[in-house]
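The values are calculated or read from the model by the stated rules, or taken from the named source; none is laboratory data. Small disclaimer: the values here were computed from a predicted structure and weren't measured. Cβ coordinates were reconstructed from backbone atoms using ideal geometry, including for glycine residues, and neighbour counts include every protein chain displayed. Accessible surface is based on the protein model in full, side chains and every heavy atom, while ligands, DNA and RNA are left aside. Shrake-Rupley method; radii C 1.70, N 1.55, O 1.52, S 1.80 Å.
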Amino acid sequence: MYKIGLGKTEIEAIPTGVGMLGYAIPEQRVTGYRNPLHARAFIVEHPQSGTRIVYCLAELCFMTQAIRHGVLEKLNQDYPDCGLNEHNLMLASTHTHSGPAGYSHFLLYNMTAPGFVTEVYDAIVEAIVGAIAQAIERSEP
């Protein structure tokens, strides 16, 4: 029987005043939260091999290579035995324009932030890794 797990965490600590992503309007800034943004993870583990696959959806405008790299690095650091790598981890986004900018390593996508915002990047990576960790811990047949 396959083991299945679910996890959900809030993307917290987005600083007020940072630009929002998607509208390309520099004046549009984060001023607080009406509805929090989340990361949700779904994990499936093969019963015999223990091989895992993870699908994680974050409420962001889009997923970036920077976030993917950060998540894999943090998983390897904090959960070295989780068995996740670039081949069995899928990160996706809902494409909301009500989220922060500043989490890409490409200048064009950070222009409304302005620039790369370490606090935004760290908050997103932490939330995704947290959701994945919850999914692993809550896995059951």
Matching label, volume of the Cα convex hull per residue in Å³ computed from the structure shown, candidates (1) 127; (2) 77; (3) 93 | (3)
Nearest 10, in degrees from 0 to 90: the angle of helix 65-78 to the longest Cα principal axis of the chain is 50
Over the chain, what percent of the accessible surface lies on carbon and sulfur atoms, probe 1.4 Å?
-> 54
Taking the chain as the reference, fit the longest principal axis to its C-alpha atoms, fit the long axis of helix 118-137 to the helix C-alpha atoms, and give the angle between the two in degrees, 0 to 90, nearest 10.
-> 20
To the nearest Å², the heavy-atom accessible area per residue of the range 3-92 with 1.4 Å probe amounts to 57
With every protein chain left in place, what is the accessible area of C61 in Å² (1.4 Å probe, nearest 10)?
-> 10
What does the helix-only formula give at 222 nm for the chain: each DSSP H stretch with n ≥ 4 adding -39500 (n - 2.57), the total divided by the residues, and the result rounded to the nearest 500 deg cm²/dmol?
-> -8500 deg cm²/dmol
GNM of the chain, Cα pairs under 10 angstrom: of I11, I53, I43, the biggest fluctuation goes to I53
Can you give the three extents of the C-alpha atoms in the range 1-83 along their principal axes, from longest to shortest, in whole Å?
-> 54, 24, 20
Provide D81, D122 ordered by accessible surface of protein heavy atoms (probe 1.4 Å), highest first.
-> D81, D122
When the chain is treated as a Gaussian network with springs between alpha carbons less than 10 Å apart, the largest mean-square fluctuation among G130, G22, G83 is found at G83
The longest stretch of the chain containing none of the GluC sites (Glu not before Pro) that sit in a DSSP loop with at most 11 other Cβ atoms within 10 Å is 28-85
Percent relative contact order for the range 78-126, counting Cα pairs under 8 Å at least six residues apart, stands at 26
Determine the distance separating the Cα centre of the range 22-40 from the Cα centre of the range 1-16; give it in Å without decimals.
-> 18
What do you reckon, how do L6, L89 stack up by accessible area (1.4 Å probe), largest on top?
-> L6, L89
If amide H atoms are built 1.01 Å from N in the plane of the peptide, which residues on other chains or at least 5 residues away come under 5 Å of the amide H of S93?
-> A58, M63
